[in-house]
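A.B. asks: Below is a structure I'd like to ask you about.
The values are calculated or read from the model by the stated rules, or taken from the named source; none is laboratory data. None of the values given here were measured: they were computed from a predicted structure. A quick note on method: Cβ atoms are made from the backbone with ideal geometry, for glycine too, and the neighbour counts reach across all protein chains shown.
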Amino acid sequence: MKRESEPRPTRFGAYSIAFFVVLLAMGLAAVATGLARVSSNEGGGSTLVVGGMLLLLVDVVVFVGLASTRVSRVEKKYHRMEAMVGEEGVVKEGIRPYGRGVVLLRHELWSATSEEELAPGTRVRIVKIDGLLLFVEGIK
């Protein structure tokens, strides 16, 4: 059962961002050092350039992979209207029988209707969706 205080999906945490920034810095430093060694004819420059490029490639691939996985999870859970059927919300503006009111669901306000009278603060369950109108019933 869903609760009104359910946390929103989190984005990349501070540690993840720090990891990608450090990996990016290491790759750029390796490429810059390698290019400097190649231009001054010192040994090992080409190895540093290749290693740095590999670090940068890994950083981009991992970041894009994680970001796309995260986006697909959010879309599946939060952007499909039919997935809301069965979830619970709270009446914010009272609903008269077959009238309209407002329900808080997923941290958003929705227009809702019901066959029964529902006072503000009443917990409700979504039974059907028609366009952007939720059909709800009170939870006993």
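A.B. asks: Are there any pairs, at least 6 apart or on different chains, whose C-beta atoms fall under 8 Å, with the first in region 82-108 and under 12 Å from LEU118 (Cα atoms) and touching a residue at least 60 places away in the same chain (Cβ under 8 Å) and the second polar (S, T, N, Q) and surrounded by 13 or more Cβ atoms within 10 Å (Cβ to Cβ), and if so, which?
C.D. replies: Here the result reads VAL90/THR122, each pair linking region 82-108 to a residue that is polar (S, T, N, Q) and surrounded by 13 or more Cβ atoms within 10 Å (Cβ to Cβ).
A.B. asks: Oh, and also: Does LEU105 satisfy the criteria of being under 30 Å from LEU24 (Cα atoms), in contact with a Leu (Cβ under 8 Å, 6 or more places away or on another chain) and modelled with pLDDT of 80 or more?
C.D. replies: No, not satisfied.
A.B. asks: Report, ordered by the first and then the second residue, all pairs with beta carbons closer than 9 Å, sequence separation of six or more or different chains, a first member in region 18-45 that is under 20 Å from LEU57 (Cβ atoms), and a second member that is polar (S, T, N, Q) and exposed (fewer than 12 other Cβ atoms within 10 Å of the Cβ).
C.D. replies: Short answer, once both residue conditions are applied: GLY45/SER39.
A.B. asks: Then there's this: Taking the criterion of being outside any helix (DSSP H, G or I), modelled with pLDDT of 75 or more and out of contact with any Leu (no Cβ under 9 Å at 6 or more places or on another chain), would at least one residue in region 65-82 satisfy it? Show your work before the answer.
C.D. replies: Of region 65-82, the ones outside any helix (DSSP H, G or I) are 79-80.
After this cut, where a residue has to be modelled with pLDDT of 75 or more as well, the list is none.
For region 65-82, residues outside any helix (DSSP H, G or I), modelled with pLDDT of 75 or more and out of contact with any Leu (no Cβ under 9 Å at 6 or more places or on another chain): absent.
A.B. asks: Further, regarding this structure: For residues in region 93-122 being buried (at least 17 other Cβ atoms within 10 Å of the Cβ) and of a type outside the set (A, V, I, L, M, F, W, C), which is farthest from the chain's Cα centre (by Cα)?
C.D. replies: SER114
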